Structures are given as structure tokens and as C-alpha cells.
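J.: For reference, the structure I am asking about is given below.
Rule-based calculations on the coordinates, nothing more; no lab input. Please read these numbers as outputs of a predicted model, since none were measured by experiment. Glycine gets a Cβ as well: all are built from the backbone with ideal geometry, and neighbour counts include every protein chain shown.
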Amino acid sequence: MDGNGLSKMFKSKNLINLTATKIIVMKKAIIASVVGGIILFIWQFLSWALIDFHQPAQQYTEKQGVILDALASQQLPEGGYIMPSLPKTASEEEWKQMMTETEGKPWASVQYHHSRDNNMVMNMVRGFLINIITIFIFCWIVFRLAAPTFQNIFLASLFTGLIIFLNVPYINFIWYQSHDIYAHLADAIVSWGLVGLWLGWYLSRGNRVQHETIVNRREPVIAD
């Protein structure tokens, strides 16, 4: 067999091996995503329901009936409201005056809905599916790490949780002083830390050869 024949044979074999490796990696990513999604889902249930870390941001008041009746009587459109505030057409001078007059006084942020939907099952299904998709995207990043070791995967997961926390809950806290900021911090560290432990153990097992095959995709050079 001449050099061209050997080159075609090795290329064909390499393509088969690469395809098989991709299938194995995809299976690992799916399993990792489902289990990781379950971990996130369980922690979310603990944080928002069983342990109720977010209770400071969703407290009960015996005056809820009076407040809701007052809001309903105003026939407000659905949406979010900051009070006190001004219409968009207000001038800069009006905004300055309002800021001065309201300094140190009570204010409120309201998310108003005309009708409550208690379809808990559908909400939980949607949340679980989003968790799986989130972990799958993270796995896509992990498989492209130069060295997907347990430590690197765990740290990448932990840093991802911190990025999520800083980018949304903490930025909102800076402006609106949400009362469950520490619960969001716990969510970021604990949930993504647990996900990092799982993915670090599962994805780093025997993945060196698979990783090199996908990243490098080198083909043997056959001399003529």
C-alpha cells in the first residue's frame, strides 16, 4: 500500500475514533447536566422553601388584604413600580426636588399582578429544565478547558456562581437594597460549589485522552 492509501486509512480510522469520542463526551455532558440540574433544583427548594433563606424578601403582613385592596382600587396596569417616583416627562429640576424631599423617608418597590397563577407543577418543571440547560452550557465550557482537572472544574463552577451573584442579585442590591442578599450569596456559593464537586469528580475521570482528541484533532502525517 502506497503513502496515499495509508494516509486515507489513518484519516478514516481517526475520524471514527473522533466520532466515537464525541458520542462519549456528549453522553457524559447529558448525564452531568441532569445530575447537576437535580443538585441545583434541590438546593433551590431548600433555600426558597424548606429552610426559607429568602424569607426576609417575602415576609407576611397581616395588613396584606388592606394593601392589596388599595392597589386593586387604583386599577394599576400590571408591572413594577418604584414609589415615590416621577413620570418620564419630569424635568431634571423636578427629579432633584423629589430626591431632596424623599431623602430619609419610606419608599417601596412593588411587583403588581392582576391574577395569581398557582400552577406549581409547571413552574417546577420549567425551573428544572432551565437548571439542566444551565449546567449543559457550563459543561460545554468545561470541555474546552486546557486542563479539565477536578480542581479546575470545581473552581470554574464556584467562580461561575460568584459571577451570577455579582452580575444580578448584588447589582440589584446596590440600587434597591433587597433584603435577601445574603441568601443569594449562599445560593451562589453552596449550589455551584456542590455542582463543582459533582462535575469535578465526574468529568475529570479518564477524560485526558478524550479532551486531547477533541481539542487537538491531530491527524497522523504519512510520508509519501
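J.: Fewest to most neighbouring Cβ within 10 Å: what's the order for 189, 171?
T.: Fewest-to-most Cβ neighbours within 10 Å comes out as 171, 189.
J.: Per residue of the stretch 32-41, in order, report the coupling 6.51 cos²θ - 1.76 cosθ + 1.60 (Karplus, θ = phi - 60°) as ³J(HN,Hα) in whole Hz, putting x for Gly and Pro.
T.: Listing the rounded values in order: 4, 5, 5, 5, x, x, 5, 4, 4, 4 Hz.
J.: Starting from the Cα-Cα distance between residue 60 and residue 120, subtract it from 0.36 nm times their residue separation and give me the gain in nm to one decimal.
T.: Answer, rounded to one decimal: 19.6 nm.
J.: Here's a follow-up. Could you run the Karplus curve 6.51 cos²θ - 1.76 cosθ + 1.60 with θ = phi - 60° over the stretch 83-96 and give me ³J(HN,Hα) per residue in whole Hz, x for Gly and Pro?
T.: Residue by residue, the stretch 83-96 yields 10, x, 7, 9, x, 4, 7, 5, 7, 5, 5, 5, 5, 4 Hz.
J.: Among 187, 117, which comes first, second and so on when ranked by fewest other beta-carbon atoms within 10 Å?
T.: 117, 187
J.: Taking the beta-carbon count within 10 Å as an exposure proxy, list 184, 113, 54 from fewest neighbours to most.
T.: 113, 54, 184
J.: Considering the dipole of the stretch 19-106 built from charges on the beta carbon (Lys and Arg +1, Asp and Glu -1) around the Cα centre, which of 54, 65, 85 is farthest to its positive end?
T.: So the residue we want is 54.
J.: Oh, and also: With +1 on the Cβ of every Lys and Arg and -1 on the Cβ of every Asp and Glu, and nothing else charged, how large is the dipole of the stretch 32-107 about its Cα centre, in debye rounded to the nearest 20?
T.: So the dipole magnitude of the stretch 32-107 works out to roughly 220 debye.
J.: Also: May I ask you to evaluate 6.51 cos²θ - 1.76 cosθ + 1.60, the Karplus curve with θ = phi - 60°, for each residue of the stretch 152-166 and list the ³J(HN,Hα) values in order in whole Hz, giving x for glycine and proline?
T.: Running phi through 6.51 cos²θ - 1.76 cosθ + 1.60 with θ = phi - 60° gives 5, 5, 4, 5, 4, 5, 4, 5, 4, x, 5, 4, 4, 5, 5 Hz.
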